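**Student:** The structure's right below; bear with me while I get my questions together.
The values are calculated or read from the model by the stated rules, or taken from the named source; none is laboratory data. Since we're looking at a predicted model, the values are computed, not measured. As a convention, Cβ positions derive from the backbone with ideal geometry for all residues, glycine included, and neighbour counts pool all protein chains shown.
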Amino acid sequence: MELHDLKPNEGARQNRKRKGRGTASGYGKTSGRGVKGQKARSGGGVRLYHQGGNLPYFRKLPFMRGVGFNPINRVRYAEVNLEKLGEFPADSEITPELLVEAGIIKNLKTPVKILGRGDVSVALNVKAHKVSASAKEKIEGAGGSVELIQA
């Protein structure tokens, strides 16, 4: 192979469109710009972010609730109150798997947080991803224990 033998692959190079070179070229007269109007003129066209005269989205943003201000890495927890845990017998180990079986939470993908609404009368061993201070106090007050697990 010599330098003069080199050539690009078939279809790798395209000829540029020669606009405004007569009707036979297919790009004569209006040169592919359509007929009249702002975009047909030289230097014509709307500015960036133009939305047809409506208030542009980026100017609406400060007034739109939640749009653009929701944290990307927010962790949403499956919240379980103590009143739901009252159904379990004494000294039972409450885990996310057990809560799914009991139908209290939907799946194991979302981490579990135990909240303090309601009371616990029996000692429970609770394993959850997060536990509120009031829930921890009530569980330990009833003789149970709380263990945090990693998500």
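**Student:** Give Y49, Y57 a once-over and let me know the one that is of a type in the set (S, T, Y), loosely packed, with under 10 Cβ neighbours inside 10 Å and at pLDDT below 90.
**Tutor:** Result of the check over Y49, Y57: Y49.
**Student:** Here are some conditions: (1) surrounded by 10 or more Cβ atoms within 10 Å (Cβ to Cβ); (2) more than 30 Å from I139 (Cβ to Cβ); (3) modelled with pLDDT of 90 or more. N81 meets all but one. Which one does it not meet?
**Tutor:** (2) is the only condition that N81 fails.
**Student:** Name the strands (runs of 3 or more DSSP E) wholly within the stretch 75-151 that hold at least 1 residues that are in contact with a Pro (Cβ under 9 Å, 6 or more places away or on another chain) and among the aliphatic types (A, V, I, L, M)?
**Tutor:** Values: elements: 78-81, 112-115, 125-128, 145-148.
Hits in the stretch 75-151: 78-81, 112-115, 125-128.
**Student:** Still on this structure, please answer the following. Could you count how many residues in the stretch 114-126 are farther than 14 Å from D91 by Cβ and either surrounded by 13 or more Cβ atoms within 10 Å (Cβ to Cβ) or touching a His at 6+ places or on another chain (Cβ under 8 Å) (or both)?
**Tutor:** The qualifying residues number 5.
This table checks each residue for (1) under 17 Å from G86 (Cβ atoms); (2) touching a Gly at 6+ places or on another chain (Cβ under 9 Å); (3) of a type in the set (D, E).
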residue	(1), (2), (3)
L98	yes, no, no
G103	yes, no, no
T110	no, no, no
V120	yes, yes, no
N125	yes, yes, no
E137	yes, yes, yes
G143	yes, no, no
A151	no, no, no
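**Student:** Pairs, please: C-beta under 8 Å, at least 6 apart or cross-chain, first residue of a type in the set (A, V, I, L, M) and in the stretch 36-53, second in a helix (DSSP H, G or I) and loosely packed, with under 10 Cβ neighbours inside 10 Å?
**Tutor:** Every condition considered, the pairs that remain are V46/Q38.
**Student:** Oh, and also: Can you run down the residue pairs with Cβ atoms below 7 Å, 6 or more apart or on separate chains, where the first is in the stretch 60-73 and closer than 25 Å to H50 by Cβ and the partner is surrounded by 10 or more Cβ atoms within 10 Å (Cβ to Cβ) and at pLDDT 75 or above?
**Tutor:** The qualifying pairs are V67/L61; G68/L61.
**Student:** Going through the stretch 1-45 one residue at a time, which ones are basic (K, R) and either surrounded by 10 or more Cβ atoms within 10 Å (Cβ to Cβ) or assigned to a helix (DSSP H, G or I) (or both)?
**Tutor:** K17, R18, K19, R21, K29, R33, K39, R41 - these are the residues of the stretch 1-45 that are basic (K, R) and either surrounded by 10 or more Cβ atoms within 10 Å (Cβ to Cβ) or assigned to a helix (DSSP H, G or I) (or both).
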